[in-house]
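A.B. asks: Okay, handing you the structure first.
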Amino acid sequence: EFISVNNLADVIGVRPAQFVRQMEDMGFEGVTYDHILDAETAGLIAAEFNFEPIFDTGIDDLTAAPEPEDKSALPPRPPVVTIMGHVDHGKTTILDWLRKSSIAASEHGGITQHIGAFSVAMPSGKVITFLDTPGHSAFLEMRRRGADVTDIVVLVVAADDSVKPQTIEAIKHATEAKVPIVVAISKIDKEGVHPEKVKQDLAVHGVNVEDYGGDVQAVCVSGKTGQGMLELEEAIIAQSEMLDHRADDRGSVEGWVLEATTKSHGRVATALIRRGTLRPGDIIVAGTTWARVRTLRNEAGVIVDEATPGMPVEIDGWKEQPLAGTEILEAPTEQKAKDVVEQRLERTETEKLGEDMTAINQARRELLEKRRLEDAADSESPREDEQRTGPKPINFIIKADVSGSAEAVLNSVAAIGNNEVFANIIRSGVGPVSEFDIEHAATADGHIISFNMPIEPGILRIAELDGVKIMDHNIIYKLIDDVKATLSEHLAPNV
Ligand code: GDP
């Protein structure tokens with residue numbers, strides 16, 4: 001719960017002297033190396049050093065189950081495929097053909113819907129899941145967010161155009177991600193095309209297809225006529241069986257959000273299940289939102305009872321819209337989901353405000369240093385003594401109802417000042433003014449801004465006792481006027 005300045009500096013990996021300077025920048029005075037800090041103060045200072053404080057709220061975050069070492073006893077799951085290749089080489093046409101065959105095969109029929117992914121059942125009963133957005137950005141964006149959903153890349157190369165810049169780029173992305181490639185040589189229905197040239201050109205770029213001494217499968221297809229499409233699907237299945245994709249369909253549910261949008265029946269998100277079986281009534285968390293699953297729908301808009309690994313499914317019942325690429329984890333109870341979301345929100349806000357504060361303090365330091373240098377250069381200045389240290393900082397702590405208003409207040413107040421005094425924001429946060437805020441303000445000889453929030457009477461009393469001014473506002477321009485008035489009170493009478 002408590003840590004000394006020396007020890008915290010050690011944990012963060014900065015010299016104690018640098019640490020003390022940072023604390024003084026934040027408004028703490030008379031800090032010594034064996035000064036004892038409480039957890040909240042320690043966290044705030046650590047955040048200034050871009051250290052993410054972990055607040056021990058006693059709530060464990062949800063975590064994914066460890067991958068089992070031996071998967072051989074688990075049931076097989078469908079492979080997840082992304083289609084990549086050069087523009088106009090026929091990616092969309094191939095996806096459209098596959099999607100149509102998927103809908104036609106579903107016994108309910110239905111209207112084709114775009115939900116981010118769809119599954120195709122082969123005549124053998126085996127299933128392949130295709131991500132519905134062709135191209136590299138979707139693949140890269142998901143990976144950037146940490147979602148490694150693609151098992152196999154289908155590299156589409158038009159037989160009449162062969163390897164082009166985006167083909168090479170796709171090869172690079174798939175190789176970097178260690179995702180195996182199946183080549184689809186497209187537009188094979190066209191007259192006078194050269195599939196052999198495509199194979200030769202691919203070999204130049206490190207993709208060695210079967211007839212050319214390699215082990216990469218290549219299939220000639222036409223998304224227009226459907227020629228070769230079944231063979232393409234078989235090649236994907238063969239690749240998947242070689243990789244032996246398996247997943248546990250029991251236990252806590254895990255997955256990824258592929259897409260999220262709002263439809264007539266509310267907020268929905270397409271999820272790709274990675275583990276477990278999702279059913280209506282289950283409680284899931286994705287990033288900083290959660291859902292009690294109301295209904296599950298497949299890509300044909302048909303309601304389904306459950307979703308197993310490798311199956312894309314549209315989920316409704318979200319409290320807020322989740323973000324594409326976030327991980328879905330099941331929570332045992334609604335309370336647990338709420339607690340985890342709240343804790344994650346707090347953590348993001350702390351991080352974000354920490355970043356803002358670091359940027360603002362940095363800008364302030366640079367400004368002060370610049371003015372100091374200017375003053376030093378201007379040795380003729382008659383007021384050199386007063387100006388040598390630059391304008392005088394007047395410390396403020398900002399507390400606001402939500403992070404949006406905290407940011408708005410921060411941005412408006414941090415800009416106030418002239419060459420004699422300026423508003424120096426030493427901290428900004430969400431939530432009502434606390435005893436700690438008052439203590440911090442008192443130590444820093446600063447003021448507190450409380451924006452759009454009630455203040456507890458007890459807190460007002462403590463502030464009065466400690467001689468700390470709480471500026472209570474809910475209109476920005478009135479607050480700005482108050483800050484200006486406060487700053488002018490600090491002007492030396494002779495200036
Ligand atoms: P994408 O940019 O890779 O998604 O390519 P598209 O699927 O949009 O196709 C680009 C153009 O090629 C369109 O005019 C399609 O009609 C045409 N096209 C795509 N696939 C085939 C095919 O198999 N055969 C023929 N003849 N034309 C095709």
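A.B. asks: Once amide H atoms are placed 1.01 Å from N in the peptide plane, what residues at a sequence separation of 5 or more from residue 4, or on another chain, have their amide H within under 5 Å of its amide H?
C.D. replies: 37
A.B. asks: Another question, then. I need the P(r) histogram for region 201-307: all alpha carbon pairs, bin width 10 Å from 0 out to the longest distance, whole percents.
C.D. replies: Histogramming region 201-307 at 10 Å steps yields 11, 29, 24, 23, 12, 1 percent.
A.B. asks: Please report, to one decimal in angstroms, the Kirkwood hydrodynamic radius of region 419-495 built from all distinct Cα-Cα pairs.
C.D. replies: Working: mean 1/r = 0.0751 Å⁻¹.
13.3 Å is the Kirkwood radius here.
A.B. asks: A further question follows. Going by accessible area, probe 1.4 Å, with all protein chains left in place, what is the ranking of 212, 477, largest first? Let's see the in-between values first.
C.D. replies: Numbers: 212 80, 477 140 Å².
Accessible-area ranking of 212, 477, largest first: 477, 212.
A.B. asks: Between residue 402 and residue 70, what's the calculated FRET efficiency when r is the beta-carbon distance and R0 is 56 Å? Round to 0.05.
C.D. replies: Working: r = 48 Å, r/R0 = 0.86.
After rounding, the FRET efficiency stands at 0.70.
A.B. asks: Using per-residue counts of other Cβ atoms within 10 Å, averaged over each peptide, order 459-468, 402-411 from highest down. Kindly include the intermediate steps, with their values, before the conclusion.
C.D. replies: Details: 459-468: 15.0, 402-411: 18.1.
The most tightly packed comes first, giving 402-411, 459-468.
A.B. asks: Something else: Using a 1.4 Å probe on the protein heavy atoms only, what accessible surface does residue 35 show? Give it in Å² to the nearest 10.
C.D. replies: Counting only protein heavy atoms, residue 35 exposes about 70 Å² to solvent.
A.B. asks: Next question, about the same structure. Taking 2.2 N^0.38 Å as the expected size of a compact globular protein, what ratio does the Cα radius of gyration of the chain give against it, to two decimals? Before the final figure, lay out the partial values.
C.D. replies: Details: Rg = 30.3 Å, N = 495, 2.2 N^0.38 = 23.2 Å.
Taking N as the residue count of the chain, the ratio is 1.30.
A.B. asks: Give me the distance in nm between label points sitting 7 Å out from Cα along the Cα-to-Cβ direction at residue 4 and residue 419, one decimal.
C.D. replies: 4.6 nm
A.B. asks: For residue 294 paired with residue 177, estimate the spin-label separation in nm (one decimal), with each label point 7 Å from Cα along the Cα-to-Cβ line.
C.D. replies: 3.3 nm
A.B. asks: How high is the FRET efficiency between residue 14 and residue 243 when r is their beta carbon distance and R₀ equals 41 Å, given to the nearest 0.05? Provide the component values of the computation, followed by the final result.
C.D. replies: On the way: r = 46 Å, r/R0 = 1.13.
E(calc), rounded to 0.05, equals 0.30.
A.B. asks: Past the 22 angstrom mark, what percentage of all C-alpha to C-alpha distances in region 179-251 do you count? Numbers along the way, then the final one.
C.D. replies: Numbers: 810 of 2628 pairs.
Taking all Cα-Cα pairs of region 179-251, the fraction more than 22 Å apart is 31 percent.
The values are calculated or read from the model by the stated rules, or taken from the named source; none is laboratory data. Quantities reported herein were computed from a predicted structural model and do not represent experimental measurements. Don't worry about glycine lacking a Cβ; one is built from the backbone with ideal geometry, like all the others, and counts go over all protein chains shown. Protein only, heavy atoms only, side chains kept; ligands, DNA and RNA dropped before computing areas. Shrake-Rupley method; radii C 1.70, N 1.55, O 1.52, S 1.80 Å.
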